[in-house]
1. Look through A:Val232, A:Val220 and report the one residue that is touching a residue at least 12 places away in the same chain (Cβ under 8 Å), part of a strand (DSSP E or B) and crowded, with 23+ Cβ neighbours inside 10 Å.
2. Among the residues of the range B:100-120, count how many are among the hydroxyl-bearing types (Ser, Thr, Tyr) and at pLDDT below 95.
3. Pick out, from the range B:1-64, the helices (runs of 4 or more DSSP H) lying fully within it that include 1 or more residues that are within 30 Å of the chain's Cα centre (by Cα) and over 24 Å from A:Asn451 (Cβ atoms).
4. Which one of B:Thr437, B:Thr445 is of a type in the set (Val, Ile, Thr), under 31 Å from the mean Cα position of the chain (by Cα), assigned to a helix (DSSP H, G or I) and closer than 30 Å to B:Thr346 by Cβ?
5. When you go through B:Arg453, B:Arg461, B:Arg483 one by one, which is the residue that is among the basic types (Lys, Arg), under 30 Å from B:Thr420 (Cβ atoms) and open to solvent by 70 Å² or more (accessible area, probe 1.4 Å)?
6. For the range A:370-413, give me each residue that is within 11 Å of chain B (Cβ to nearest Cβ), in a loop (DSSP other than H, G, I, E, B) and of a type in the set (A, V, I, L, M, F, W, C).
7. Would you be able to say whether some residue in the range A:330-349 is facing another protein chain (nearest Cβ under 8 Å), in a loop (DSSP other than H, G, I, E, B) and either open to solvent by 20 Å² or more (accessible area, probe 1.4 Å) or of a type in the set (A, V, I, L, M, F, W, C) (or both)?
8. Looking at B:Ala366, is it part of a strand (DSSP E or B), among the hydrophobic types (A, V, I, L, M, F, W, C), touching a Pro at 6+ places or on another chain (Cβ under 7 Å) and more than 8 Å from chain A (Cβ to nearest Cβ)?
Protein chains: 2
Amino acid sequence: MAVRRIVIIGGVAAGPKAAARARRVDPGAEITLLEKGRLVSYGSCGLPFFLAGLVDSLTGLRSTPAGVVRDEEFFWREKRVRVLTGTEAEEIDPRRRLVRARRNGEVLTLPYDRLIIATGSVPLRPAIDGLDQEGVFGLHRPGDAEALRSVLARGRRAVVVGGGMIGLEVADALAARRLQVTVCEAGRHLLPGLLDEDLARLLESRLRAAGVKVVTGQPVTAITRGDGCLRVRAPDWEGEADLVVVACGVKPEVGLAARAGVEIGPTGAIAVDGRQATSVEDVFAAGDCCESTHLVTGGKTWLPLASTASKQGRVAGTNAAGGEDWFPGVVGTAVLQVAEHNVARTGLGEEEARRMGYEAIGAMVAGLDAAHYYPDHAPLALKVVADARDGRLLGAQAVGPGEVVKRIDVLATAIAFGATLDRVAHLDLGYAPAFGTALDICLHTLNQLRNRRQGLARPVRAAELKALLSGPRPPLVLDVRTREEYEARRLPCSALHIPLGELRDRLEEVRAARAPGQEIVAVCEMGVRGFEAQRLLDAAGLGPARYLEGGVWAWPYGLRT
Amino acid sequence: MAVRRIVIIGGVAAGPKAAARARRVDPGAEITLLEKGRLVSYGSCGLPFFLAGLVDSLTGLRSTPAGVVRDEEFFWREKRVRVLTGTEAEEIDPRRRLVRARRNGEVLTLPYDRLIIATGSVPLRPAIDGLDQEGVFGLHRPGDAEALRSVLARGRRAVVVGGGMIGLEVADALAARRLQVTVCEAGRHLLPGLLDEDLARLLESRLRAAGVKVVTGQPVTAITRGDGCLRVRAPDWEGEADLVVVACGVKPEVGLAARAGVEIGPTGAIAVDGRQATSVEDVFAAGDCCESTHLVTGGKTWLPLASTASKQGRVAGTNAAGGEDWFPGVVGTAVLQVAEHNVARTGLGEEEARRMGYEAIGAMVAGLDAAHYYPDHAPLALKVVADARDGRLLGAQAVGPGEVVKRIDVLATAIAFGATLDRVAHLDLGYAPAFGTALDICLHTLNQLRNRRQGLARPVRAAELKALLSGPRPPLVLDVRTREEYEARRLPCSALHIPLGELRDRLEEVRAARAPGQEIVAVCEMGVRGFEAQRLLDAAGLGPARYLEGGVWAWPYGLRT
C-alpha cells in the first residue's frame, strides 16, 4: 500500500487525539488536521477555571504536562502531523475522496484515503430577544472566555441563563470572582439533563446557602438594556445584571457531514458503528459531532463530553490508520464541581428510566465519605436506581461536599457490565478509614435499595413529606435524633422528639401522640436511625411506618433553627 | 416458629454487624453477642490514627457518627441486642445447640437456634527471641494501642518488625510523632502480600525520601536489651531502638470452631458457603475467622479485612435471622495511606498470577490524577495486569501521592465482572479537570497494556534497565525530556539527550552514538514521551527500541541531580 493519507477535520478534542493515535499506529501515514479556529488541542473543560482565575492563561489549557504548547509547530515537530489552523472544511467529496477547505480566502483541495470528521458541537441559540448586545456572553471557545474574563472587574451582578453543567460551572467561577450571581433555568429544576428532582433540589439548597441565587422553571425571553444595566426577563421573573452569560446547551455540528451524504442518526448527531465508521466508506467520525450507543438502553444517545471524545478519537485514529479498535458505548456518566460540592451521575435517572418503560425504583442515602473519626471526612447524598423487575442497576446520582466521583465511577463500571443490585452490593472496594467506611456508602446505598425492594425499608422523600405535611392527613413526624441535634435544627413542622435509644421504652408516648391510623414518619440526621426507628415501629404494631430518606441533612426546603 | 435465638461469638467487626442486621430482619429474635474483651464494635482500622494522634481517644473509634458510644447499653437500648463483654466462649455443642462461655469465672450456657462465629484473627507470633520484654509492642487490640501511645514521648528511635499493611501504618504513625523509624521486612520487598516488586520499590524510595529507613530481606531473629536500648538483630542487619513494634501479620482464630467439628478450609480459616454457613447446621461464620471465594481464581482465599468482615457479617446476620443473602466473594482489594502516599491493589499481582499459571503481562504508567492545569493535581503510578491469552484483566496496583483508590475501585469492579482489557479501556468514567484527565490514567494504563499486547509498546522496567546498565551490553539511554527537566535530575548513567521535539531532525546523532546492534531505551519524565520516542525510533529503523516505564519519576534507585 502507498502512503496512507489521513485527513482529520476538527482540532479541539477528538481530532488531535485521533491524529496522535493514528501516528503511533502508522508511523508512515501522511496526517493532516484542519481546524477553522486559531487554536488546537485546548482543554475546553478548563475554560471555567480560567474564568475563575484558577488558571492564569489559556496557554496552560493547550500545553502538555511538561509545559510544551500544543500548536501547529508542536504537532509537526513531535508527531509529524500537519495542522492547518484558520482552515475551514467546506465540502467533502466522498466519491473522489477529497476535502475542499478555505484558508485565508484560498481554496485547498486535500485528497484522503481515510477521513475523520471531528467537527464538535456549537452552542444552541435560544429564542431570546437581545442576545446580540454588549454584556451578553457565551462560553464555548477560548475567545469567549477571554472576552468574558476581561469584563469581570467591571461587573457586580451576573445572570447565567441556563442551569446545566456549563451554566453552573460559569456561575461558580463568577461567584469565585465575587460577583452576585443568579442562575436562571428554564426547566423544572437545575441540571435537568443530569439529576432527578430530589438531588437537584438538594444541590439548589446548597447553592443558595453559598450565596448563588437560583430561579427555576423560568425560560428567559428577552434581555434588554436600561438604567445602566441589563434586564433579563422571564414569564414570572425579572433580574438586573451587569453581564449575562448564556449557556443553554450545544448541538452537534453536522452540516458538513450531512451535505456529503453521511447518515445523521436519530439523535441528530452523525451515526457511527463501533469502529466509529460513518455510513460513507472510509469516513469516520468522533467526538461531539457523533452519537454513541447507550449501554443501558441499547439505543443511541448523544452526550457530548471530552472524555467520550477522547476515547472515540482514539478508536477512529486506530481504525483510520489500519489498526482495529471498537468503542462499545457510554453509560451517561457526567461530573462537575460547583460551590464546593461535587455532583455526579451515571446511567439513567429515576424519572428518565420510568419514562423509558423501566419499573424504576430508587433509594437515596446520606452519609460520610470517610470514617467519622478520621479528621478529613465530608457528607454526600447518593441515590441508586434499579429495575424492580430484575434488580438490574440502572443509574446513580450523587451530590455533596464529600467524595462522590469514586462512587459514581464504580457504579458506572458495574452498570457497563449489566450488574444487578445483589451483585454490586458486595463489591470488594478498597477500605481504609481515610477513604470510606467499612461498608462504603456506595454499598450501603445499594443495600438500602435492596431493603426497599424486599419490603424492609420504606423511605419517604423530602418532597413527598413536605406535600403530606401541608395536606389533609399529615403524618406524625417522629424525630429520633439526640437532644443536641434536635435543638440545633429541625424540620419546620411539629414533631415528637424521642431519641432512638429511648424509643423502645417510650412507645406509649408515640401511641398517645398518634391519631388513629395516622402514618408515622421517623426522621433522623442522615437516614440510618430513621430506618432503624421504622423497623422498630413496624415491630411494635405502629406501622407500616416510613422514614425520611437522607434525613434532616438532605432536607432542601429550609430548617427551623 | 418460636422466638428465634441467635448467638454471636465475637464483638469487633463482623459480630456487631451481624447482630444489627439480624435485628432489622427479625425484630422478634433474641440476639446475644459474646465478646471476650472489654470493648465491642470498635474500628480497629483506626488504631494507627489514634497512635498518630489524629484521633484523640479510643472512644471515637467506638462511637456512632452521632457521637453515641457503642457499648453494651447502646446495643441493648438501640438494638435490643444483649452484649456480654468479658465473656469468652469456651465450647460449642452443635448437637444440643449450646454455647458454653465463661464470664468472671462463672460458666454460662447459652442455647441457640442459629449461631454466628465471628472470632476474628490473632497476631502471628514470629520466631524471634526476646519478644516478651519491656519496649516490645504489638498493635492488634485497643489496649495495644494505648500501651504503645503511652510510651511514645519517651522514645526517640523505633523499629517496626514487618513491612506489611499494619507495619507501614504503624511506621507512618510513629514518624508523625517524630520518631526515627526503621521498618524491617523479612521478605524481598515491602508489602510482599500486596504489591509486585516494582511498585514496592517505588514506595520504598518514597518512604526513604520521607525519612523512614527501610530494610528488606532481613527476618528479625532476636531482640535484646543493652546500653539502655533495644537491639534488633537480623542475619545481615542490626538496629538500635527505644521501642519495637512487631507487626508480622495475623492468623484466623479458629480453635473454638475446630473443636466443635466445624470444617476448616484449605486456607486455615473456617470454610463457608455463599450464605456464610459452615459445615455444621445452623452455624454461620463471618469476618477474619473465615475464608472467601476469590473471584479471579475461583478458589478459596483468606484476606482478613474490615470491609469483607462487614459484608460477611451482614450476610450471616440476614441468613441467621431467616432472610436470604449471598456473599459472592472478594477480588483482593486492599488500600492504605503511608508517608502521604496512597497505596492500593486489587486482583492478582503479576508475579502471583504467573505463579498460578496465568500468562500474566503488565504495564505501568505514571501520570496525574487531575488535569495538569488544575491547581490541585498529584502524580501516581498505576500498573495493570492481564492474561495475555484472553486479555482478561487480572489485577491492578497503584502508588503515589495522587488519588489511587478510585482507580483501583473501578478496576476491582471490572475484575469482579470478569472484564477484558478491551472492554475496560473504554469505560465511561466521570471526567472534569478536577477529577482526572479526559482519558483517565486508569484507561490510559489499560490502553498501554493493550499497546504492549499488540506489539506497539515495548516497556522496560526500572529494575531491568538498572541490571542492563551494569551488564555486558548496556543499552543506549536516550533522554527525550526538555532541557530544564534533564538538567534538574536524570538517571545515574551516561545518556544521549535529545528533546522529543528535536528527535526527528537529529536522528543522525542517535545513529552515530549507537553501537552496532545496540538497543536504545528512550527515557522521559513519566513514560508517555518515551513511548512516542520508541515508536519514532522503530519507524526510523533504529528499533526495536524500548522505553522506560514510568520514566524518571518512577525510577526508585536514586537520580543524579
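The values are calculated or read from the model by the stated rules, or taken from the named source; none is laboratory data. Note that the structure is predicted; figures quoted are calculated from it, not measured. As a convention, Cβ positions derive from the backbone with ideal geometry for all residues, glycine included, and neighbour counts pool all protein chains shown. For accessibility, only protein heavy atoms count, side chains too; no ligands or nucleic acids. Shrake-Rupley method; radii C 1.70, N 1.55, O 1.52, S 1.80 Å.
1. Result: A:Val232 is the single residue among A:Val232, A:Val220 that is touching a residue at least 12 places away in the same chain (Cβ under 8 Å), part of a strand (DSSP E or B) and crowded, with 23+ Cβ neighbours inside 10 Å.
2. 0
3. Qualifying helices (runs of 4 or more DSSP H): B:47-52, B:58-61.
4. Step by step, each of B:Thr437, B:Thr445 is checked, and only B:Thr445 is of a type in the set (Val, Ile, Thr), under 31 Å from the mean Cα position of the chain (by Cα), assigned to a helix (DSSP H, G or I) and closer than 30 Å to B:Thr346 by Cβ.
5. B:Arg453 is the lone residue from the list that is among the basic types (Lys, Arg), under 30 Å from B:Thr420 (Cβ atoms) and open to solvent by 70 Å² or more (accessible area, probe 1.4 Å).
6. Passing the criteria: A:Ala370, A:Ala371, A:Val404.
7. Among the residues of the range A:330-349, at least one is facing another protein chain (nearest Cβ under 8 Å), in a loop (DSSP other than H, G, I, E, B) and either open to solvent by 20 Å² or more (accessible area, probe 1.4 Å) or of a type in the set (A, V, I, L, M, F, W, C) (or both), which makes the answer yes.
8. Taking the combined requirement at face value, the residue satisfies it.
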